[in-house]
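Below: one structure, written as structure tokens.
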Amino acid sequence: MTMIKSIIQKNGFIILDGALATELEKSGCDLNHRLWSAKILAEDPDMIKHVHQLYFEAGADCTITSSYQAVPDGFLQAGFSPEAANKLIQLTFSLAVDARDAFWESYSGTDRPKPFVAASIGPYGAYLADGSEYRGGYGLTKEELMAFHRPRIDLLIRAGADFFACETLPSLLEAEALASLLADYPGVRAWFSFSCKDGAHISDGTPIETCAAMLDKADAAEAVGINCTPIVYAEELIRRIRQTTAKPVVVYPNSGEEYDASTNQWYGDSSVASFQERAEAWIDRGAGLIGGCCRTGPDEIRQLEALRRRQQSETNRP
């Protein structure tokens, strides 16, 4: 049994963390830069560690590293040396592990699994910093995408990572590239989650069922799902994913607001007020890993923790 399935079987579902950048901005960090949250790795790494700790305290079983937009080329273009860029990428993993270990050392309960760390592999579009992760269609080949992602994966594995979050993927081709790339690393596993433009298609227009069917055959993929997708589409997307894979479904949508890459601003209405109610429906549809993406925070994770306690209490009731 895989690690993911084992935790789900014991605890009902896995609670992921919420948005990193949202909490950094709430703390006063300026992310208006092409490195986005990766900028804070050099400026104030303890702030990133603090956000990880907030999510563990809220109930998260897993935190996602701050490597989403941290790639060698991005740091080099921002003026960092190759050595500094490599160290900052590896720092993303050690910050998350240190936060996890500090939390677990002080935790006295016995009602939750020891949290694990998923090393974030954001899409090529995140490096472009122009909103391409919500469009896809970079004009690159599979081999070029593999060559782009390999250095960061190498660095994170050398730092100790053995589980990855291949997230906000806008295209089937990029998912295929990452699945092929991870096959070169025995024992390394990942979840694959897509950005979607509606309740049926990922950002490049591919049906989500097609993506799930492809990853159902990929040994490295322990879970398949969606993230940074408007919350209103999540339930239908889970249903469609379930049609072509029995692997656990991961879902961590954004608040439902829309992102304007030209201004680096979110606008529109948030739908997180009913987060717990929606999450219960996602579980009924078959979701096994649940968290939040952009514009969500510790409050949403606390709602998930309360939901799991309630469900466990109902299960154990005589």
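The values are calculated or read from the model by the stated rules, or taken from the named source; none is laboratory data. Treat the numbers as computed from the prediction; the structure is a model and nothing was measured. Virtual Cβ from ideal backbone geometry, glycine too; neighbours counted across all protein chains shown. Heads up: the accessible areas ignore ligands, DNA and RNA and are worked out on the full protein's heavy atoms, side chains in. Shrake-Rupley method; radii C 1.70, N 1.55, O 1.52, S 1.80 Å.
Some notes on this structure:
- Candidates V117, V71, V51 - the one that is among the β-branched types (V, I, T) and either more than 27 Å from S171 (Cα to Cα) or open to solvent by 40 Å² or more (accessible area, probe 1.4 Å) (or both): V51
- Some residue of segment 86-97 being open to solvent by 20 Å² or more (accessible area, probe 1.4 Å), at pLDDT below 95 and more than 20 Å from the chain's Cα centre (by Cα): no
- Any hit, segment 180-202, residues being hydroxyl-bearing (S, T, Y), over 17 Å from the mean Cα position of the chain (by Cα) and closer than 19 Å to A287 by Cα: no
- Of the helices (runs of 4 or more DSSP H) entirely within segment 107-211, those holding at least 1 residues that are basic (K, R) occupy 142-159.
- Residues in segment 194-233 that are of a type in the set (S, T, N, Q) and touching a strand residue (DSSP E or B) at 6+ places or on another chain (Cβ under 8 Å) were compared, and the one that is surrounded by the most Cβ atoms within 10 Å (Cβ to Cβ) is T229.
- Within segment 22-48, being open to solvent by 20 Å² or more (accessible area, probe 1.4 Å) and small (G, A, S) holds for S27, G28, A42.
- One residue stands out in segment 271-298 among those that are among the charged types (D, E, K, R), assigned to a helix (DSSP H, G or I) and touching a residue at least 40 places away in the same chain (Cβ under 8 Å): the one that is surrounded by the fewest Cβ atoms within 10 Å (Cβ to Cβ), namely R285.
- The lone exception for W191 - which of (1) open to solvent by less than 10 Å² (accessible area, probe 1.4 Å); (2) aromatic (F, W, Y); (3) without any contact (Cβ under 8 Å) to a residue 24 or more places away in the chain it fails: (3)
- Members of segment 98-134 that are within 18 Å of the chain's Cα centre (by Cα), farther than 13 Å from C62 by Cα and not aromatic (F, W, Y): I121, G122, P123, G125, A126, A129, G131, S132, E133
- Taking the criterion of being part of a helix (DSSP H, G or I) and under 18 Å from the mean Cα position of the chain (by Cα), the residues of segment 3-24 that qualify are M3, I4, K5, I7, I8, L20, A21, T22, E23, L24.
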